[in-house]
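The structure under discussion appears below in the form of structure tokens.
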Amino acid sequence: MNLFKQFKNGLSRSKTGFMGRLDHLFDSGDIDEEFYDELEETLVSGDVGVQASMKLVDQLREEISKRKIKDKEDARQVLQELVVNMISPGKTMFTSASINEPTVILLIGVNGTGKTTSAAKLAHLYKQSGNEVMLVAGDTFRAAAIEQLEIWAERAGVDIVKQKSGSDSAALFYDAINAARARNVDVVIGDTAGRLHSKYNLMEELNKIYRVVERNLPGAPHQVLLVVDATTGQNAVVQAKKFNESMPIDGLVLAKLDGTARGGIVLNIQEELDIPVCYIGTGEKIEDLAPFDPEMFSRALLEKN
Amino acid sequence: MFSNLAEKLQGTLRKIKGKGKLNEKDVDGAMREIRLALLEADVNFKVVKDFIAAVKERAVGHEVMESLTPGQQVVKIVNEEMTRLMGQEHSGLETGKSRTAIMMVGLQGSGKTTTAIKLARHLRGQGRSPLLVGADTYRPGAVKQLEKMADSIGEKVYSNLEEDPVDICREALQVADRENCDVIIYDTAGRLHIDDEMMSEMAEIKKAVNPEEILLVVDAMTGQDAVNAAASFNDSVGLSGVILTKLDGDTRGGAALSVLAVTGCPVKFVGVGEKTDALEPFYPDRMASRILGMGDVLSLIEKAEASIDQDKAKEMEQKLRKQQFTLDDFKEQLGQLRSMGSLEDIMEMLPNAGSLPKELKQMSFNEDNFKRIDAIIGSMTKEERQDPSTINSSRRQRIARGSGTTVQDVNRLLNQFKQMQKMFKQMGAADKKGMSKKMKKMKNKFPF
Ligand SMILES: Nc1nc2c(ncn2[C@@H]2O[C@H](COP(=O)(O)OP(=O)(O)OP(=O)(O)O)[C@@H](O)[C@H]2O)c(=O)[nH]1
Ligand SMILES: Nc1nc2c(ncn2[C@@H]2O[C@H](COP(=O)(O)OP(=O)(O)OP(=O)(O)O)[C@@H](O)[C@H]2O)c(=O)[nH]1
Ligand SMILES: [Mg+2]
Ligand SMILES: [Mg+2]
């Protein structure tokens, strides 16, 4: 999988980052209380959350006595399996079954997580695999959000549909679908304004976009992606819950995983809401997007801080 | 909704009520709850460890004050310790000099550009003349964003996309002289703390412009990793302060404590919205109770006291007591509530307000909504306002037409009103003294 190679390249930039952790191995030796504490702390420090971390370590204890495991390295391996079993990767390069109608993908999330950049990366990805792609500048609110996406559209070499700043985003999406039909576009990728999930009006506005899109094209949006910043703590769970209420989420983009944050909160989101991670963001360049790999993710998560 | 730590602690410590001093076992039990609360609030686990150790040392053997339960006593100590850690009071900007340079730094998307604008507006309000400098030549549209926002508040921007950020910043010094600006605010690009190249660029900008303030802009929703980024930024350039953004959300904001613990820098401001005026001073005591999950009681009381006319409140109390709350009163209340934010915001600041009915939760007092409600109530007859049960479906249609709304809007309002009446009834029953007293009472419940 060539995407996977990109993932590795993107992450190997730094030794201290996400990828750097993969080189580090736990010391081997006996399994004692200190070891369990250390594991729990490692999970907590990766933003898994204290309750979920305790639960995982308890499960590990059970497995260890059941399988009569003696070595730390083996124990860590088991914990890693437990984590991997908790998560299933979401769909990547998803397209709807219909060949006559465009596939609509929407990016939503709180402020500054990486929606616009991820929209551009997705546009690039779909275009690379031969699709006719169209970006929709659905953030009509933030200053220069449209200009930002325009520059990306140019770099990706794809069409962009936009309106004046301050205009109605839902109406723009309605028109964008018509434009996509007229231009025989395969994939429509919509950016939306960042908004805090606690703001009722803004969430209603998002719901309106959803209804309008669905009215113009039944079945759409085909993939709604919540963009979560990997540095986010426990708040990400509420984010997912609230956004999911305004528009059913199909998966996450876990952005900014090229830093030192490990994004463990996605485990809770998967557990509580059954929303998988589809992609990870690994940098600021257009090709810095990769499919989510549970194996690699859990390995990095469990390395010592 | 925030869980009420004070109550939980009450539970763990109930047994020792009446005993004179807190013993080690009591304190250990309480510390478990506190540890959990802090970790759930995203305070870094190492910071939590140190903090717990410090609090424990202070708490064991501590005399329980006459007026407090042991649970409250522990919370008081925890809160004091945390407030102390976060700085005793609000600390302002270092802008005494004739010309001041302020540099915004931070991770990607934390809110640097927006905050630079907010600061410019704030300083303009203090009679300063700011120049904004667009030093992010990397992110698409970054300078454009700064320019557009600056334009909206009538401020100047200097940038040059053809040039190196370090050169732009250096040149800005001359531009500021030429334009008679006495504050220069540098908006730098977002960068990862492990990106060596970008980190040294930041250090070079610092060398070139020698700023009085280097402010780390931190997203309040940040988790455990906040310490790593903050420590690295501090190591490379030496921060003078922190600005916490996006605090208008519902995050507990434990990152504030983490960042303070590793940098020792004060939080100078907090961002509470996307608008250019959504900047507030940082109050350590409020932040402490927010992180601890006790509700921002103090700030609520302040807000309520400032915006509710005292006489009107008294009158309202009477009505509540007699349960004569009408749609007319409702309309008047809305006008006052509007200046306090949405009902949900208000309730979120109240501990134990988990039971707000769904209909009310979704009600927000923004300008639009307020106008709509105002119009609907305005289209009712006096009789209808006194007794909404007379409003049948044909009357609803008339009211909708009259107010330019829909029957659904009217229904929603009537429903919300009913819920509110019910809620006030419950409040009234729980406390015959009415609402404003109830708020005061709440203040006493948290004696800090
Ligand atoms: N290091 C890194 N930076 C990223 C990644 N994705 C996005 N960014 C950066 O994060 C910042 C915010 O990205 P945007 O795409 O503008 O975020 P957004 O969610 O659209 O922001 P709003 O529209 O303002 O809510 C920018 O500086 C991006 O370059 C990533 O995967 N890694
Ligand atoms: N709700 C809320 N949103 C905020 C606040 N501060 C900033 N934002 C939003 O957060 C997003 C990112 O803000 P920016 O100012 O672009 O962040 P930045 O740090 O300059 O981002 P980069 O330059 O890409 O690194 C935007 O959508 C802002 O509107 C705040 O206090 N509250
Ligand atoms: Mg955006
Ligand atoms: Mg910026």
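The values are calculated or read from the model by the stated rules, or taken from the named source; none is laboratory data. Nothing here was measured: the structure is a model prediction, and the numbers come from that model. Cβ coordinates were reconstructed from backbone atoms using ideal geometry, including for glycine residues, and neighbour counts include every protein chain displayed.
Things to note:
- Considered as a group, the residues in region B:113-132 that are within 12 Å of ligand 4 (Cβ to nearest atom) and touching a strand residue (DSSP E or B) at 6+ places or on another chain (Cβ under 6 Å) include one that is farthest from residue A:285 (Cα to Cα), and that residue is B:132.
- Looking across A:53, A:65, one residue alone is part of a helix (DSSP H, G or I), out of contact with any Ser or Thr (no Cβ under 8 Å at 6 or more places or on another chain) and within 14 Å of chain B (Cβ to nearest Cβ). It is A:53.
- Within region A:130-152, the residues that satisfy the criterion of being within 13 Å of ligand 2 (Cβ to nearest atom) and not in a helix (DSSP H, G or I) are A:139, A:140, A:141, A:142, A:143, A:144.
- The residue that is nearest to the other protein chains (Cβ to nearest Cβ), counting only those in region B:96-133 that are farther than 15 Å from residue B:179 by Cβ and of a type in the set (Gly, Ala, Ser), is B:109.
- Output for region B:88-118, where each listed residue is surrounded by 18 or more Cβ atoms within 10 Å (Cβ to Cβ) and within 17 Å of the chain's Cα centre (by Cα): B:110, B:111, B:114, B:115, B:118
- Positions within region A:104-129 being of a type outside the set (A, V, I, L, M, F, W, C) and either away from chain B (no Cβ under 14 Å) or away from ligand 2 (no atom under 16 Å from the Cβ) (or both), in sequence order: A:124, A:126, A:127, A:128, A:129
- Just one residue in the set B:171, B:213, B:204 is modelled with pLDDT of 95 or more, on the phi < 0 side of the Ramachandran plot and crowded, with 18+ Cβ neighbours inside 10 Å; that residue is B:213.
- Any hit, region A:40-59, residues being over 25 Å from residue A:261 (Cα atoms), at pLDDT 90 or above, surrounded by fewer than 17 Cβ atoms within 10 Å (Cβ to Cβ) and not assigned by TED's automatic domain parsing to the domain that holds residue A:253: no
- Test result for residue B:65, at pLDDT below 95, more than 16 Å from ligand 1 (Cβ to nearest atom), farther than 28 Å from residue B:230 by Cβ and in contact with a helix residue (DSSP H, G or I) (Cβ under 8 Å, 6 or more places away or on another chain): yes
- Every residue from region A:181-207 that is more than 14 Å from ligand 1 (Cβ to nearest atom) and away from chain B (no Cβ under 12 Å): A:181, A:182, A:183, A:184, A:185, A:186, A:187, A:188
- Across region B:187-198, not a single residue is classified as farther than 20 Å from residue A:260 by Cβ, surrounded by fewer than 22 Cβ atoms within 10 Å (Cβ to Cβ) and either in contact with a Pro (Cβ under 7 Å, 6 or more places away or on another chain) or more than 10 Å from chain A (Cβ to nearest Cβ) (or both).
- Each residue in region B:108-131 was checked for being among the hydrophobic types (A, V, I, L, M, F, W, C) and either within 16 Å of ligand 3 (Cβ to nearest atom) or farther than 19 Å from residue B:241 by Cα (or both), and 1 pass.
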